[in-house]
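The values are calculated or read from the model by the stated rules, or taken from the named source; none is laboratory data. These numbers come from a predicted model, not from an experiment. Cβ sites come from the backbone with ideal geometry, for glycine too, and all protein chains shown count toward neighbours. Ligands, DNA and RNA are stripped out before the accessible areas are found, and what is left, the full protein with its side chains, is counted by its heavy atoms. Shrake-Rupley method; radii C 1.70, N 1.55, O 1.52, S 1.80 Å.
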Amino acid sequence: MKQRSIICLLAAMVLVVYAFDYLPIHEKGIGQMFAYSWLAFAALVIAGNGVAVLGGYRQKAQKDRQQENAEPEKRREFG
């Protein structure tokens, strides 16, 4: 799951860099509104995938901490 988030994050960043030159940011009217809305949605995609990548690291750290704090199993020995 983390690999998919990293790939989506990189793909979204490449699309923003590539499309930035072609967006009609300096025009007036609906073209400018489209450009700003496209950039806003791209920012949401980048932010969401960034949170997913960082969330994967946080879950891994919590899992490691839980394993360290866990008490070892008590074993019965006969004989």
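Checking GLU68 against (1) of a type outside the set (Phe, Trp, Tyr); (2) modelled with pLDDT under 85; (3) open to solvent by less than 100 Å² (accessible area, probe 1.4 Å), which single condition isn't satisfied?
Among (1) of a type outside the set (Phe, Trp, Tyr); (2) modelled with pLDDT under 85; (3) open to solvent by less than 100 Å² (accessible area, probe 1.4 Å), the lone unmet condition for GLU68 is (3).
Checking VAL53 against (1) exposed (fewer than 12 other Cβ atoms within 10 Å of the Cβ); (2) at pLDDT below 90, which test does it fail?
Of (1) exposed (fewer than 12 other Cβ atoms within 10 Å of the Cβ); (2) at pLDDT below 90, only one is false for VAL53: (1).
So which residues in segment 13-30 are of a type outside the set (A, V, I, L, M, F, W, C), open to solvent by 100 Å² or more (accessible area, probe 1.4 Å) and over 24 Å from the mean Cα position of the chain (by Cα), if there are any at all?
Those that are of a type outside the set (A, V, I, L, M, F, W, C), open to solvent by 100 Å² or more (accessible area, probe 1.4 Å) and over 24 Å from the mean Cα position of the chain (by Cα): ASP21, TYR22, HIS26, GLU27, LYS28.
Taking the stated definitions as given, is ALA61 within 26 Å of the chain's Cα centre (by Cα) and modelled with pLDDT of 90 or more?
no
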